[in-house]
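Peer 1: Sharing a structure here in structure tokens format.
The values are calculated or read from the model by the stated rules, or taken from the named source; none is laboratory data. Since we're looking at a predicted model, the values are computed, not measured. Cβ placement follows ideal geometry from the backbone for every residue including glycine, while neighbour counts extend to all protein chains displayed.
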Amino acid sequence: MISIFRSFLRCFIRACRYIILCREFLDSLAVEIYELKSKREDVERDVVKARRGGKQPRSQVMWWLDRVESLESKFSKISTEFERRLMLPGNLAPNVWSSYRLSSRADEMIAEVRYLKSKGSFDQVADEVFPDRFEEVPSSPTVGMDLVLEQLRRVLEDDAVGIVGIYGMGGVGKTALLSRFHNEFLADATHLDVVIFIDACRGLGVDRIQRMIGDRLGLSRKNRGSQEEKAATLFRVLNKMRFVLILDGVCRSLDLRTVGVPIPKRRSKCKIVLATRNEDLCDQMGAKKKIKVEALPWDAAWKLFTETAGEEMIDSHPGIRRQAEILVRKCGGLPLVLIAVARALASKRSLEEWKHAVAIMNSDPAQLPGIAEHVLRPLKLSYDLLPDDTSRSCALHFALYREGCRLHQNLLQECWIGEGILGDFEDVEEANNRACYLLGVLSAASLIDRVDANGYTRMHPVIRATVLWIACECGKKENRWFVREREGLTDAPDAETWAGATRLALGDNEIAVLPEAPQCPDLVSLKLKNNLGIEKIPDGFFGFMPSLAVLDLHSTSIKELPPGIGNLVGLQFLELCGTKLKSLPKELGALTKLKYLGLNWTVDLASIPDGLIRDLGQLRVLRMIVSYRSWKAGSSGDGVDMGELEALNRLRILDITVGTAAALERLAQSRRLAPATVALLIKGCRDLSSIELPSVMGKNMKRLKWLRASHSKELEDVVIGGGGGGLENLVLEHLLKAKIVWRGSHGQNLRGLYIYGCNGMEQLIYHKEDEETEDGRASGGVAIVPFPNLTEIALRGLPELKRVSEERKMLVFPSLESMEVAECPKLKKLTLVAEKLREIKCQRSWWDQLEWEEEDDATKSAFQLIMKPLQ
């Protein structure tokens, strides 16, 4: 009983002390916490110092710091609660129980603080970092990539290259390539201290990448410092190591210094390898060497497909093999697509199933199992990462053309002008520059390929399918963009398709009859080009297309436009090139938002209502080559007054045909029309005896690129001089007396020279000045360079042509690649030098009668190799 009483007494006394001495307990705890905090600050300074030296804090130290931090937080809460009690009014004063509780907690914490103080002395707070040199990463099969792997291996051994950029379109196999390179080549690179593979495909931020690199280096997962402090730590650690850092799937430019990755120095053996879909990112991140990963060639693509789908099954039936070959071609050499399609068909055993798969791939690849999830969505990232909506609109535009179609920059530029994508511009050069820039953005993002140096581009079939899928709201609205070009269609789409579509592309088919009055509330673009069977557009056809902005009737057989064309008040682009129109309806004047009007090669167009052209005040582009030419330049005569053209304040690009010298002179002297003129056809023009280029009778026509003069008995001299301006193509046709006079200027931009049916021409070029080239004299005479950038010459139907230049003078064409000679029986000698010439197209009979000087044996032998007989 006595022991029980004593225990009870002790508890009672302690409880009384807790109740009476609450403030004293809190004060004692505060003193202990202050001392612990001082010790904690000393330890933290040691930790920071160690980290800056590239060391890893010990786990025991980090545990101690965490416990101290927890205690400091608890003390803060108790202090806050005690101070709040003191602020209460008398009637709400704290009761006995609350005082007991606070004192009890403070007493427990005092014991814990004293324990932590006893454990807070450390001989060493951190250790040197020794990360695992290599960790294998998951890999996928690679086929046909041995050449690129060898390139990467050589780069690894090249001390002059520190940063390497691997780029290529999505799905081409960059990740599989780097995984194999990492696992096979870098695993044996014993001269390296560490190899780090980071998957940055989700556009990771700096903090996340720092954490991933830190984890790989064995640094603490709980990095307390700021981004700058973590970068400093990583830099100090990596700067002491020979490392290879692989950054796969880089989506945005990343400042490696901000992350804390040192830029490899020469002979340091360190390397940074980054893989991206965007070539520009390689340059932005300082890559000294870039390697493009191309689509697989046929053999490699076929091997990958058959290995994935099963060779035995594919070889089980000749028909299945044929369908498999079609599918492999549709995949365009992309491993991602080849594997996805092969897996989708691996269990298909019948020929009918394979045929159905081919049909799906042709019409809507997203319907094939796994394609939307494993192909289209990953490839969509390239589209999503484009810098703005303008470039995305340009990418979408490629989906309106048939698969594999080569598209010239000029065609795209015209469409983008008409749709307002390029915005306002001052002249054709600015529009051209904007179009080039946007194509460059798409090319760098691996969404299109540049086919050649002549401005042709093409979109990969799988990328096109992806873009079309995006345009259809990722497959939610299947026929929102209904693209059926060159598919042999004989009938127009049904009413449901017209009603749900925003864009219809039906070009190059065999459609002959259009619906009477299709209901198209959302239709923005309608392309019917090259449907030769379309001879008439129904009167009510345009009655229910309130949103139509683009209408392409190029090379249809229509002879008139219905009055209903005036209903298309939102139309911005109207292409009528190559149609059989004889007149334009007055209702066309209602299209006040029209920016592009194409009437090139409308050879039958003879009537345009007065005032119509003037009404089209928003026109930026007007194309009328080999078209209407009855322009009235004065008070007399019939036709449209040229003042209507001059009233087009926004006109920036003009292709025009003129039929009188007066109209030509008015055009050349107009300060508005002359600078806008890009292409000019001078047809007939009585009383015109000479043309001087580049001015063409004036000083304002500085942007003329294409000039064709035809069907004149009076025109004699075509004078080329004064620097040559920007003229790139010159066509002389059926000019009975014409000759070319060259004034000795070397600043010519002429690329193509085409002369047809000029019966009186005896000599190709007459020159007023003699200039000697760096080669000096040739064949005993003077070597001259009339057109240094000329790449193509065509001479046809010139019965009197005897020579290309004056006696004892040799023409030098340093850029000439192609030459055609036909029906020039009196031309016996080719007195010219063209080192880049790759073809001479001519008739064998003419070639055999050519005369050569004895010293011309080498030239004759060289020309003989490139001669191509004309049929």
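Peer 1: Of (1) in a loop (DSSP other than H, G, I, E, B); (2) over 39 Å from the mean Cα position of the chain (by Cα); (3) at pLDDT 95 or above, GLU587 satisfies all except one. Which?
Peer 2: (1)
Peer 1: Just the residues that are surrounded by fewer than 16 Cβ atoms within 10 Å (Cβ to Cβ) and within 16 Å of SER583 (Cα to Cα), please, taken from segment 608-627.
Peer 2: Of everything in segment 608-627, those that are surrounded by fewer than 16 Cβ atoms within 10 Å (Cβ to Cβ) and within 16 Å of SER583 (Cα to Cα) turn out to be PRO609, ASP610, GLY611.
Peer 1: Which condition from (1) crowded, with 19+ Cβ neighbours inside 10 Å; (2) under 20 Å from GLU733 (Cα atoms) is the one that ARG796 breaks?
Peer 2: (1)
Peer 1: Applying the selection to segment 266-286, what residues are buried (at least 18 other Cβ atoms within 10 Å of the Cβ) and either small (Gly, Ala, Ser) or not in a loop (DSSP other than H, G, I, E, B) (or both)?
Peer 2: Within segment 266-286, LYS271, ILE272, VAL273, LEU274, ALA275, THR276, GLU279, LEU281, CYS282 meet the criteria.
Peer 1: Right, here's the next one. GLN210 passes all but one of (1) farther than 30 Å from ARG464 by Cα; (2) at pLDDT below 85; (3) surrounded by 18 or more Cβ atoms within 10 Å (Cβ to Cβ); which number fails?
Peer 2: (2)
Peer 1: Read through the list (1) closer than 22 Å to HIS554 by Cβ; (2) assigned to a loop (DSSP other than H, G, I, E, B); (3) at pLDDT 95 or above, then give the number of the only condition that ASP655 fails.
Peer 2: (2)
Peer 1: So which residues in segment 165-192 are assigned to a helix (DSSP H, G or I) and aliphatic (A, V, I, L, M)? Walk me through how you get there before you give the answer.
Peer 2: Quick first cut of segment 165-192, residues assigned to a helix (DSSP H, G or I) only: 174-188.
Matches in segment 165-192: ALA176, LEU177, LEU178, LEU186, ALA187.
Peer 1: When you check VAL640 against the structure, is it touching a residue at least 60 places away in the same chain (Cβ under 8 Å) and within 26 Å of ILE417 (Cβ to Cβ), yes or no?
Peer 2: no
Peer 1: Here is a further query. Select from segment 362-384 the residues that are surrounded by 19 or more Cβ atoms within 10 Å (Cβ to Cβ) and under 17 Å from the mean Cα position of the chain (by Cα) and write down the one among them that is nearest to ALA340 (Cα to Cα).
Peer 2: Looking at residues that are surrounded by 19 or more Cβ atoms within 10 Å (Cβ to Cβ) and under 17 Å from the mean Cα position of the chain (by Cα), I get LEU379.
Peer 1: Okay, moving on. Go through segment 259-274 and give me each residue that's at pLDDT 90 or above and closer than 16 Å to PHE235 by Cα.
Peer 2: Initially, segment 259-274 is screened for residues at pLDDT 90 or above, giving 259-264, 270-274.
Result: VAL259, GLY260, VAL261, PRO262, ILE263, PRO264, CYS270, LYS271, ILE272.
Peer 1: Continuing with the same structure: Among the listed residues LEU442, LEU422, which satisfies the condition of being part of a loop (DSSP other than H, G, I, E, B) and crowded, with 21+ Cβ neighbours inside 10 Å?
Peer 2: None of the other options fit; the residue is LEU422.
Peer 1: State which residue is farthest from LEU177 (Cα to Cα) when the search covers only segment 143-160 and only residues that are in contact (Cβ under 8 Å) with a residue 40 or more places away in the chain and within 28 Å of the chain's Cα centre (by Cα).
Peer 2: Among residues in segment 143-160 that are in contact (Cβ under 8 Å) with a residue 40 or more places away in the chain and within 28 Å of the chain's Cα centre (by Cα), the one farthest from LEU177 (Cα to Cα) is VAL155.
Peer 1: Here is a further query. Scan segment 294-313 for residues that are aliphatic (A, V, I, L, M) and surrounded by fewer than 20 Cβ atoms within 10 Å (Cβ to Cβ) and report the count.
Peer 2: Residues meeting the conditions: 2.
Peer 1: Does ILE565 satisfy the condition of being in contact (Cβ under 8 Å) with a residue 12 or more places away in the chain, under 37 Å from the mean Cα position of the chain (by Cα), more than 22 Å from GLN413 (Cβ to Cβ) and not in a loop (DSSP other than H, G, I, E, B)?
Peer 2: Numbers: in contact (Cβ under 8 Å) with a residue 12 or more places away in the chain: yes; under 37 Å from the mean Cα position of the chain (by Cα): yes; more than 22 Å from GLN413 (Cβ to Cβ): yes; not in a loop (DSSP other than H, G, I, E, B): yes.
Yes: the conditions hold for ILE565.
Peer 1: Any residue at all in segment 594-605 that's farther than 15 Å from ALA663 by Cα and in a helix (DSSP H, G or I)?
Peer 2: Within segment 594-605 (the criterion being farther than 15 Å from ALA663 by Cα and in a helix (DSSP H, G or I)), the answer is no, since none of the residues qualifies.
Peer 1: Now a separate question. So in segment 764-790, with the set limited to residues that are in a loop (DSSP other than H, G, I, E, B) and surrounded by 18 or more Cβ atoms within 10 Å (Cβ to Cβ), which one is modelled with the highest pLDDT?
Peer 2: By that ranking, first place goes to LEU790.
Peer 1: Further, regarding this structure: Pick out the one residue from ARG406, ARG402 that is surrounded by fewer than 18 Cβ atoms within 10 Å (Cβ to Cβ) and touching an Asp or Glu at 6+ places or on another chain (Cβ under 6 Å).
Peer 2: On inspection, the qualifying residue turns out to be ARG402.
Peer 1: Quickly run through segment 383-419 and pick out the residues that are of a type in the set (Lys, Arg) and not in a loop (DSSP other than H, G, I, E, B).
Peer 2: ARG392
Table: residues versus (1) among the aliphatic types (A, V, I, L, M); (2) in contact with a His (Cβ under 7 Å, 6 or more places away or on another chain); (3) in contact (Cβ under 8 Å) with a residue 40 or more places away in the chain; (4) closer than 19 Å to SER363 by Cβ.
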| site | (1), (2), (3), (4) |
| --- | --- |
| LYS476 | no, no, no, yes |
| ASN479 | no, no, no, yes |
| PRO493 | no, no, no, yes |
| ARG503 | no, no, yes, yes |
| ALA517 | yes, no, no, no |
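Peer 1: Looking at (1) crowded, with 22+ Cβ neighbours inside 10 Å; (2) in contact with a Gly (Cβ under 6 Å, 6 or more places away or on another chain); (3) among the basic types (Lys, Arg), can you tell me which one ARG652 breaks?
Peer 2: (2)
Peer 1: OK, next. Test of understanding: among THR258, THR233, which residue is touching a helix residue (DSSP H, G or I) at 6+ places or on another chain (Cβ under 6 Å), assigned by TED's automatic domain parsing to the domain that holds GLU157, assigned to a helix (DSSP H, G or I) and surrounded by fewer than 20 Cβ atoms within 10 Å (Cβ to Cβ)? Spell out how you get there, then give the answer.
Peer 2: Details: THR233 fails: surrounded by fewer than 20 Cβ atoms within 10 Å (Cβ to Cβ).
That would be THR258, the only listed residue that is touching a helix residue (DSSP H, G or I) at 6+ places or on another chain (Cβ under 6 Å), assigned by TED's automatic domain parsing to the domain that holds GLU157, assigned to a helix (DSSP H, G or I) and surrounded by fewer than 20 Cβ atoms within 10 Å (Cβ to Cβ).
Peer 1: A further question follows. Of all strands (runs of 3 or more DSSP E) completely enclosed by segment 818-871, which ones contain at least 3 residues that are modelled with pLDDT of 90 or more and farther than 19 Å from GLU807 by Cα?
Peer 2: 818-822, 839-842
Peer 1: Looking only at segment 475-505, which residues are farther than 19 Å from GLY540 by Cβ and of a type in the set (A, V, I, L, M, F, W, C)?
Peer 2: Correct list: TRP481, PHE482, VAL483, LEU489, ALA505.
Peer 1: Do we find that VAL341 is over 25 Å from the mean Cα position of the chain (by Cα), of a type in the set (Val, Ile, Thr), crowded, with 19+ Cβ neighbours inside 10 Å and not in a loop (DSSP other than H, G, I, E, B) in this structure?
Peer 2: Here the answer is yes, as VAL341 does meet what is asked.
Peer 1: Any chance segment 132-150 includes a residue that's β-branched (Val, Ile, Thr) and closer than 20 Å to VAL237 by Cβ?
Peer 2: No, segment 132-150 contains no residue that is β-branched (Val, Ile, Thr) and closer than 20 Å to VAL237 by Cβ.
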